[in-house]
Every structure is written in structure tokens, then in C-alpha cells.
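*Asks:* First the structure, then my questions, so here it is.
Only the coordinates and a few stated rules stand behind these numbers; no lab work does. No experiment lies behind these values; they were computed from the predicted model shown. A quick note on method: Cβ atoms are made from the backbone with ideal geometry, for glycine too, and the neighbour counts reach across all protein chains shown.
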Amino acid sequence: MHRFWMLFDPRQVLTGLAVAVFTLALTIHFILLSTDRYNWLGDPNGGGLAVSTHQEALPPARS
Amino acid sequence: MSSLSESEAKEFHSAYVMGFAGFVGIAIVAHYLLYAWKPWF
């Protein structure tokens, strides 16, 4: 197995691996943040206090 | 082709395997904690 490092330059392999793993980790973390169940920072899709969708009753129509 | 000799390749390989084992160990702990928090199946 160690002959692999005689074929491929360890510097290039480690750099490529670091970039690949970091990209994968970032992707997975953002996918989890986009879900309701695994978002650890709150529930952005659950309707917070900042935006109210409640509609007040309309004033009586004038004739 | 890299310029490593066989002994250098062996030396790097042992360090690489240790690092990989550490990475896998941390990943197993992370998955265990996440599954304990909210199981996905």
C-alpha cells in the first residue's frame, strides 16, 4: 500500500484531500442547516416572531 | 510519479494511516453524538 506514495506526490494528495473534505463538510453542514430537524441554530422555517403573517380584521366597508 | 524513496513512502504512509484513523475516530464520535441527539432512522 505504501507504494501509492511513490506514484502520487503526498503534497498534492494532501492538498486535494483537504479541499475535497472541506467542500464536502461545508456542503453537508449547509444542507443540515436548511432542514427543520437538524438546524442547530433555530427553526427559520417555523415562523418566528420577526415576521407576522397574522392579518388583522378589515375595518367595516363604507357605503 | 513522486520522488519518494521506498523508505520515505513507508514513513509517510504510517503517518497518513494514523491521521486517517484519527479522522475516522472523530467522525464515529460525531455520528454517535448526532444520533443520540436526533436519530435519523
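*Asks:* Could you work out the local net charge near B:K38, counting Lys and Arg as +1, Asp and Glu as -1, over the other residues with Cβ closer than 14 Å to its Cβ?
*Replies:* So the environment of B:K38 carries a net charge of -1.
*Asks:* Once you average over the residues of A:10-19, how many Cβ atoms of partner chains fall within 10 Å of each Cβ?
*Replies:* 2
*Asks:* Let me ask something else. In nm, to one decimal, how far is the modelled label at B:M18 from the one at A:I31, with both set 7 Å along Cα→Cβ?
*Replies:* 3.3
*Asks:* A follow-up question, please. For a Förster distance of 30 Å, can you work out the FRET efficiency between the beta-carbons of B:I28 and A:N39, rounded to the nearest 0.05?
*Replies:* So, using R0 = 30 Å, E works out to roughly 0.80.
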